[in-house]
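The values are calculated or read from the model by the stated rules, or taken from the named source; none is laboratory data. Model, not experiment: these values are computed from the prediction. When we count neighbours, we look across all protein chains shown, and the Cβ atoms used for this are built from the backbone with ideal geometry, even at glycine.
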Amino acid sequence: MFLTVFLDMLSFGLVIPDIQLRGDELGAHGFVRGLLIATFSLAQLLTAPFLGRLSDTLGRRKILLVSTILATVSFLFYAHADVLWAMFVARVLAGVAGANLGVAYAYIADVTTPEERARGMGLIGAAFGLGFVLGPVIGAYLVQLGGGKPLVMGYVAAGLGFVNFLFVLFLLPESVKAAVEAKARQSTLANLLIALRTPTFGLLLALFFVYNFAFSNLESTYFLLVVKHFGLTQQEGSYLLALVGVVSAVTQGALVRLAVKRWGEVRVVRAAYLVIAPMLAIVPFAPPWLPQIAGIVVMGLATGLAQPCLSSLISRAAPADMQGGSFGLTQALGACARILGPMIGNQLFDLAFWAPYALAGLLVCVPAFLSRSIRLPAAA
């Protein structure tokens, strides 16, 4: 599962440096540029709950097989997307394929005990982070290799998607063994109502949404910030963004288990959000290289601790027979946040370069405060 998520995110990460700047060149400014970035998440929003519920009944492996093939097709389309509408279509296809992340988290919940879950989620988070780290760096190089066009980069991403399909086909066993009750086949709205009625579960979903909304303000404007405000190249910006992923991946792969063992998941989440809020706000005021690197390292550590612990808490708070459905809900909420974040963040960036980061820092204060209401005695 680690390799499956890593290959998925590596291929996805290749397009990150290209889409912000090339979208701008093709006439996607402000709201439209944000909408182009958000289209991926809009497709996720519409499909992630359905895929999560379907994986509860048909099994995780079948969903992963279909989604990896679709990812391959989406990157082939992106390779030839030289007009704005074609980029939108490619992003829709990629978003539907990317809705499989909730299935991946449900897979980990299937094969781990509650005590091991934070570590398992940390490993998946590390795979996510490493793919996110290497993807933009390699993607920026491949765009240069293709003379500023996405052809080479798109075909490499499609190749990685197909390798991922082969890996799932031949090496990944099914994790859903027992029959699933009717709850897994209910609608997204029904699952959401169950979540809101389940103690602590609704609160954790709210924390997940607010954090993703805030962080998407940074992700969707960062290359614009470093290129237009700090005067760096696209490649240099990819190195800085990669550093966040490196630190986060190392933290999730190695440090989160030690932190949870010492302080428990709830306390780790509370402390991490208190660190993330100011770090987001100071990003546009920390010039390259040392101040920016210092802030990125601290933020990478905090996010690397917060995310797997929050995923573990969501899994433990969710009803046992709707793991796929519950992670489908989290991905849908995350997608909704990543739809609103880029559109609002890009609009704010055009008004003031620091505005999306100020909003992000302010918003993370909300989960920092609400996390004090988490009550899971087994995890506290």
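Taking the criterion of being touching a Gly at 6+ places or on another chain (Cβ under 9 Å) and surrounded by fewer than 22 Cβ atoms within 10 Å (Cβ to Cβ), the residues of the range 248-262 that qualify are VAL250, GLY253, ALA254, LEU255, ARG257. Here the condition is being farther than 20 Å from LEU241 by Cβ and crowded, with 24+ Cβ neighbours inside 10 Å; of SER41, SER67, it holds for SER67 alone.
If I filter the range 170-178 for residues that are under 23 Å from the mean Cα position of the chain (by Cα), at pLDDT 85 or above and within 28 Å of GLY345 (Cβ to Cβ), do I get at least one hit? Explain how you work it out, then say what you get.
Step one: list which residues in the range 170-178 are under 23 Å from the mean Cα position of the chain (by Cα), which gives 172, 175.
Right, trim to at pLDDT 85 or above and you get 172.
Then drop every residue that is not within 28 Å of GLY345 (Cβ to Cβ), which leaves none.
No, the range 170-178 contains no residue that is under 23 Å from the mean Cα position of the chain (by Cα), at pLDDT 85 or above and within 28 Å of GLY345 (Cβ to Cβ).
To keep it simple, each residue is scored yes or no on (1) free of Cβ contacts under 8 Å to residues at least 40 places away in the same chain; (2) among the aliphatic types (A, V, I, L, M); (3) at positive phi.
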{"site": "LEU243", "(1), (2), (3)": "no, yes, no"}
{"site": "GLN252", "(1), (2), (3)": "no, no, no"}
{"site": "LEU258", "(1), (2), (3)": "yes, yes, no"}
{"site": "GLY264", "(1), (2), (3)": "no, no, yes"}
{"site": "LEU274", "(1), (2), (3)": "no, yes, no"}
{"site": "PRO278", "(1), (2), (3)": "no, no, no"}
{"site": "LEU290", "(1), (2), (3)": "yes, yes, no"}
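Being assigned to a helix (DSSP H, G or I) and buried (at least 18 other Cβ atoms within 10 Å of the Cβ) is the filter here; which residues of the range 77-87 pass it? Listed by number, the residues that qualify are PHE77, TYR78, ALA79, MET87.
Look at the range 48-60: where a residue is closer than 10 Å to GLY328 by Cα and a partner is outside any helix (DSSP H, G or I) and at pLDDT 85 or above, sitting 6+ places away or on another chain with Cβ atoms under 8 Å, you get LEU51/ASN100. A Cβ distance below 6 Å, combined with a sequence gap of six or more or placement on separate chains, defines the contacts here; from the range 302-318, residues that are over 12 Å from ARG267 (Cα atoms) reach residues that are acidic (Asp, Glu) in the pairs SER312/GLU265. Screening ALA281, ALA332, ALA360, ALA306 for residues that are surrounded by fewer than 24 Cβ atoms within 10 Å (Cβ to Cβ) and aliphatic (A, V, I, L, M) leaves exactly one candidate, ALA281.
The number of residues in the range 94-146 that are polar (S, T, N, Q) and farther than 23 Å from ILE37 by Cα comes to 2. Can you tell me which residue in the range 211-263 is farthest from PRO291 (Cα to Cα), limited to those that are in a helix (DSSP H, G or I) and aromatic (Phe, Trp, Tyr)? Across the range 211-263, the extreme among qualifying residues is TRP263.
Do we have LEU42 as closer than 24 Å to LEU171 by Cβ, in a helix (DSSP H, G or I), of a type outside the set (Val, Ile, Thr) and touching a residue at least 12 places away in the same chain (Cβ under 8 Å) here? In short, no. Of all residues in the range 43-63, at least one satisfies being touching a Ser or Thr at 6+ places or on another chain (Cβ under 6 Å), over 26 Å from GLN235 (Cβ atoms) and at pLDDT below 85. Checked against (1) modelled with pLDDT under 80; (2) among the small types (Gly, Ala, Ser); (3) closer than 19 Å to GLU219 by Cβ, SER373 passes all but a single condition, namely (3).
For the range 263-278, state whether one or more residues are aromatic (Phe, Trp, Tyr) and surrounded by fewer than 18 Cβ atoms within 10 Å (Cβ to Cβ).
Looking through the range 263-278, at least one residue is aromatic (Phe, Trp, Tyr) and surrounded by fewer than 18 Cβ atoms within 10 Å (Cβ to Cβ).
Quickly run through the range 272-319 and pick out the residues that are among the aromatic types (Phe, Trp, Tyr) and assigned to a helix (DSSP H, G or I). Once the filter is applied, which keeps residues that are among the aromatic types (Phe, Trp, Tyr) and assigned to a helix (DSSP H, G or I), the range 272-319 yields TYR273, PHE285.
Of all the numbered requirements in (1) within 30 Å of ASP110 (Cβ to Cβ); (2) in contact with a Pro (Cβ under 7 Å, 6 or more places away or on another chain), GLY139 misses one, and that requirement is (1). Screening the range 88-118 for residues that are of a type in the set (D, E, K, R) and assigned to a loop (DSSP other than H, G, I, E, B) and picking the one that is modelled with the lowest pLDDT gives GLU115.
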